[in-house]
Every structure is written in C-alpha cells, then in structure tokens.
1. Does the range 215-237 contain any residue that is in contact (Cβ under 8 Å) with a residue 12 or more places away in the chain, over 22 Å from Val165 (Cβ atoms), open to solvent by 30 Å² or more (accessible area, probe 1.4 Å) and in contact with a Phe, Trp or Tyr (Cβ under 9 Å, 6 or more places away or on another chain)?
2. Show the residue pairs that are 6+ apart or on different chains and have beta-carbon atoms under 7 Å apart, the first residue being within the range 164-184 and within 18 Å of Gly90 (Cα to Cα), the second being of a type in the set (D, E, K, R) and within 15 Å of the ligand (Cβ to nearest atom).
3. Anything in the range 1-57 that is of a type in the set (A, V, I, L, M) and open to solvent by less than 30 Å² (accessible area, probe 1.4 Å)? List them, or say none.
4. Using beta carbons and a limit of 9 Å, which pairs, at least six apart or on different chains, have the first residue in the range 2-23 and over 24 Å from Leu279 (Cα atoms) and the second one of a type in the set (S, T, N, Q)?
5. Just one of (1) buried (at least 24 other Cβ atoms within 10 Å of the Cβ); (2) closer than 26 Å to Val267 by Cα trips up Pro176, so point out which.
6. Can you spot a residue in the range 64-81 that is buried (at least 23 other Cβ atoms within 10 Å of the Cβ), closer than 20 Å to Ala256 by Cα and within 16 Å of the ligand (Cβ to nearest atom)?
7. Is it fair to say Glu208 is touching a strand residue (DSSP E or B) at 6+ places or on another chain (Cβ under 9 Å), open to solvent by 20 Å² or more (accessible area, probe 1.4 Å) and among the charged types (D, E, K, R)?
Amino acid sequence: MLNLPRRLLHGPGPSPVPPSVLEALALPCIGHMDPQFMRVMNEIREMLQQVFQTDNEMTLACSGTGSAGGEMLMDNLVEPGDRCLIGVNGVFGGRLAEKARRAGGLVQTVEADWGWAFDQDEIIARIDEIRPDLVALVHAETSTGALQPFDRLAEAVHRHGGLLVMDCVTSLSGLPVKIDQWQIDAAYSGTQKCLSCPPGLSPVTLSERAMHKLQNRQTPVHSWYLDLTLVGNYWSGSRAYHHTAPVNMNFGLHEALRLVLEEGLEVRFARHQRVHERLKQGLLERGFQYASDPEHSLPMLNLVRFPATVTDEAGLRRRLLDEFDLEIGGGLGKLSGKCWRIGLMGHGAQDENVDKIFAALDAVLPAV
Ligand SMILES: *Cc1c(COP(=O)(O)O)cnc(C)c1O
C-alpha cells in the first residue's frame, strides 16, 4: 500500500477530512443502480437542500470537482448568442467568463481589483445597461480572499428576464449561502473546501426559473456528460442510466453532509469566524498583513502579505511542508510570489490547528 505523510491541510483546498468521512469512502462498493444507492442519493439531495438553504428540486452532486459543476451550469444555462455578464476579480471569475464564452455566450466582464468585492450597485447599473441573459459572480474568491455580497442582485437580473449564477465552491457550509432568500437561480460548490470531503464531487442546485430556461433551449447542450436533463433523470425521475456515479465518493459526501448538519449551519459559520479571528490576530502579531478588503474578507481563506524579512517565500512554504507537514497556499495568478493563502476550511477550522500553524511559523520565520 501507499505510504503517505499526514499533512495539515491549510491551503486553498483540499481541506482536512474527518475520520468518519474517510471510513465512509472505504465502505464496500455497491451498484450505482442498487436501491440502497438510490436511497443514498435521495438523502444527499435532502441534505444538500438544507446546506444550500433551498427547496430546489434540481439539487444533486455532479460527478467531477468544483470546476465540473461550473461547467455544467454554463453549458446548460448559456445558449449560443446569450448575453452574459461575469464578475472578474480573481482567477475563478476569469474561469467563469471562459466557460460562458466556450458555451457560446457573448461575454462582457465587470472587473474589480484583486482582493476587493464588487459594489452591488455598480453591478446593478451594468445589468440595467446590458440586460444580460445570465449574470455570474464568485461568492468566495479563493484566489484573493474576497467575499462578494449577493443579497441585492437577483431583482435586477430578473427584471430583464436573466438568470443569476453563483460560484459558492469555497463558501458553502463555511458562510451563509441563502439560495432561496437571495433568489439565486443556479449555484455550484465542491466537496474539498468547507465540506471537508476529498475532491471529486460538485454539488449543484437550480431554481424553477433556471429549469424553465433549460427546458426551453433551442439548441442541445454541447456537453453530453454534463447535460443536466440526462443527469437529472438519473438522480430522480426515471432513474435512467447515464454514467456510473462515483459510488464511494457519494458515500463520503453523505457522511460529510451529515457532519455539517449535526454541527448545525449557524454553529459552523460561527466557528469559522472565531477561528479566523484567532489566526488573524496571531498573524498580525508576527508581521503579516492582510491583503484583501477588510470589509469583505473571507474567514476560511486568509490572503496575507508576509513580513519583509521573508525573501524566499516558496522555500519557506517548502520547509513548512517538509519539516512540519503543514501545507499553506502560495499566491495564484497575479498574486503568485506576493501573497500566501492560509485556509481554515471545514474540519480544519479549529483552534488547535491555528496553534500548530503558529508553532511552525515561529520555527521557520527569519528573525526580525
Ligand atoms: C476550488 C475552486 C473552484 C474549482 O474547484 P476544483 O475542485 O478545483 O475543480 C472553483 N471556484 C472556486 C471559488 C474555488 O475555490
């Protein structure tokens, strides 16, 4: 068998996986059409509805990582020629724009400085100007640590007949994601951030309005694998075979969701916030500076500039990994080499983990 170290995962994902989720992954495999597996799928849907805070019937775990869920939504909801408005203030917004383009959308972007959120009024003004068929933004930009408010956008999107799409890969179960209250039409997440399950599935949810758009498409969905009508028939309805579900990954997600709901969403959000504040205070004491908008920053992803005494940031991260089994993230895209990204996601958002991060930093940081 493989022999691997036990890492402390405090980068931008994957996050630490609780033992019972690992046990669920190791359960005996059963058939993907077995009635017992159908039961597992039904329970996953019900638990996802609670975590997404929605009654959406079309709620399921797309086979593939978070990127697959984003592609599923863009491929199904964008028709060639659709006007799309995409918010780009980091790497993941850029990817959404690219996916919408590849689905045939006429994409316009609205941009903000990396680390900063969009002012909703600014987005609403662009929506009224462009009248887009689809608007997509990233709720928690993992490349920059910015938190995007979403509560006021839907009304403007809907008055022009468009759909509002959200990337909540990093926020789901670490911050409030209120699909129904904010009237989000489609959202996707991933298992390996705050859900604390290994990478491999992408929870998605779609409103009636989004389903209406899908059912009235003039052109077939370009991707066969991610065609939501086909995948949806497997998750409910006729249960027709489409592709073989990654059975054991779904066992893992089932257990991860059960743990989230057992803890309670509000308690979990508060835990992420409290542990983030503990980390923040200790980082500031050690000469780090936060590099994202203090008014709109994420608890589960801390974007920081390292102290001036640090000259070889990549070498330092390598030592943290080699000597302390501690993984923290480097900067992504244009922040590469300039910032660190310290994740406190899901099972990793614990006081004792923060203490281990501080102990490791104190051992490797150059003296002032
Ligand atoms: C991680 C992440 C993704 C992509 O998910 P993968 O599981 O890496 O495919 C998309 N959006 C955001 C905001 C993310 O943090």
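1. no
2. Pairs that qualify, where the first residue is within 18 Å of Gly90 (Cα to Cα) and the partner is of a type in the set (D, E, K, R) and within 15 Å of the ligand (Cβ to nearest atom), are Val169/Lys193; Thr170/Lys193.
3. Keep residues of the range 1-57 that are of a type in the set (A, V, I, L, M), which gives 1-2, 4, 8-9, 17, 21-22, 24-27, 30, 33, 38, 40-41, 44, 47-48, 51.
Of everything in the range 1-57, those that are of a type in the set (A, V, I, L, M) and open to solvent by less than 30 Å² (accessible area, probe 1.4 Å) turn out to be Val21, Ala24, Met38, Val40, Met41, Ile44, Met47, Leu48, Val51.
4. Here the result reads Val21/Ser196, each pair linking the range 2-23 to a residue that is of a type in the set (S, T, N, Q).
5. Just one mismatch for Pro176, condition (1).
6. yes
7. Working: touching a strand residue (DSSP E or B) at 6+ places or on another chain (Cβ under 9 Å): yes; open to solvent by 20 Å² or more (accessible area, probe 1.4 Å): yes; among the charged types (D, E, K, R): yes.
When the stated conditions are applied, Glu208 passes them.
The values are calculated or read from the model by the stated rules, or taken from the named source; none is laboratory data. Values in this document were obtained by computation on a predicted structure and should not be read as measured data. Cβ coordinates were reconstructed from backbone atoms using ideal geometry, including for glycine residues, and neighbour counts include every protein chain displayed. Just the protein is used for accessible areas: all its heavy atoms, side chains included, with ligands, DNA and RNA removed. Shrake-Rupley method; radii C 1.70, N 1.55, O 1.52, S 1.80 Å.
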